[in-house]
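I have placed the structure first, in the form of structure tokens, so that the comments after it can refer back to it.
The values are calculated or read from the model by the stated rules, or taken from the named source; none is laboratory data. Every value quoted in this text rests on a predicted model; they were computed, and no experiment measured them. We place every Cβ from the backbone using ideal geometry, glycine too, and count neighbours over all the protein chains shown. When the accessible area is computed, the model is the full protein with side chains, heavy atoms only, and any ligands, DNA or RNA have been set aside. Shrake-Rupley method; radii C 1.70, N 1.55, O 1.52, S 1.80 Å.
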Amino acid sequence: MTVLFEEHRPRLRAVAYRMLGSLSEAEDAVQETWLRLDRTDTAAIENLGGWLTTVVGRVCLNMLRSREQRREDPLETEIRVPDPVISSEGGAVGVVDPEREILLADSVGIALMVVLQTLGPAERLAFVLHDMFAVPFDEIAPLIEKTTAATRQLASRARRRVQGGAAVPDPDLARQRAAVDAFFAAAREGDFEALVSVLDPDVVLRSDAGAGAGLTLTLQGAGTVAAQATTWGKLSPFVRPALVNGTAGAVVAPNGRPLSVMAFTVVAGKIAAIHVLADPERLGRLDLSVLDA
């Protein structure tokens, strides 16, 4: 049974990551799923993969609801930048680690993960399990104590919000990288006009420095974001290109210590969104060893 469970682990981790936006919490959810399997009479399980998927979904649903109940400070309702998945990048095309490739199937970029956080727990479960993992609505409905029809409506509503809130990045990674490189070159030179030219007029920048530093900062508009970016020029020598959730991004690491991870959403050659994780505690938990490979 251990061997069979390990075969399903990558899929379970992918479900949990989309649900929770946290790599460490996703691992906790997968471990709890294993514990529940260990306490179950497996002879009664006809479809192990389906059973595990619904169980990890239920575990994540409980974790999300518990997270909401623990919130006391209104600021904690702000949308956080999810944990990024960092991969190395080689030449004009990206080289993605196989385990990370499974985790990021369906092009789950940071921008999409942010939108998923705006969904309620039940909406997120219905959308993630059905739209991303093809779980039938009649199997999802008991998890959220809804009818099949109501579950379908929840997923439909979530789908509209996701489609309206998450821009689809350019599929050409080289085009993404060209825009990101132009952004950092302009920031290094302090060239405000060049920065504006590479940004979408409605670009959104969200920076998450952690609970101890005021949670998230959100800026919108090319002029506003460009003005902020000009202050980052001194950090340009420490920028290391990387794939962040499968798209062109960067790790800023002075003296080899990560200061921030930046994810870019490039649409039609322009940067439409920038998500910055600068929370020291969460950065310390990221696996950046792939950048040294």
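In this calculation the C-beta distance from Asp131 to Ser289 is compared with R0 = 45 Å, giving a FRET efficiency of 0.90. Note on the chain: with a GNM built from Cα contacts shorter than 10 Å, the maximum mean-square fluctuation among Thr147, Thr118, Thr40 falls on Thr40. Estimated at the nearest 10 Å², the accessible area of Ile86 is 0 Å² with a 1.4 Å probe.
The fraction of accessible area contributed by carbon and sulfur in the chain is 51 percent, rounded to a whole number (1.4 Å probe; ligands and nucleic acids excluded).
Among beta bridges from DSSP that stay inside the chain, the antiparallel ones total about 80%.
Accessible-area rank, largest first, for Thr218, Thr54: Thr218, Thr54, with all protein chains present and a 1.4 angstrom probe.
On a per residue basis, region 175-281 carries 42 Å² of accessible surface, using protein heavy atoms and a 1.4 Å probe. Based on DSSP H segments of at least four residues, each scored -39500 (n - 2.57), the chain has a per-residue ellipticity at 222 nm of -15000 deg cm²/dmol.
Note: relative contact order over the chain, using C-alpha pairs below 8 Å and six or more positions apart, is 19 percent.
I'd like the distance between the alpha-carbon centres of region 231-293 and region 151-173, rounded to an integer number of Å. Comparing the Cα centres of region 231-293 and region 151-173, I get a distance of 25 Å. Extension gain for Phe5-Asn47 works out to 13.9 nm (0.36 nm per residue, less the C-alpha to C-alpha distance). Out of Gly57, Gly210, Gly21, any idea which swings most in a Gaussian network model of the chain, alpha carbons joined below 10 Å? Its mean-square fluctuation being the largest, the pick is Gly210. At the residue level, Arg67 shows approximately 50 square angstrom of accessible surface with a 1.4 angstrom probe and all protein chains present.
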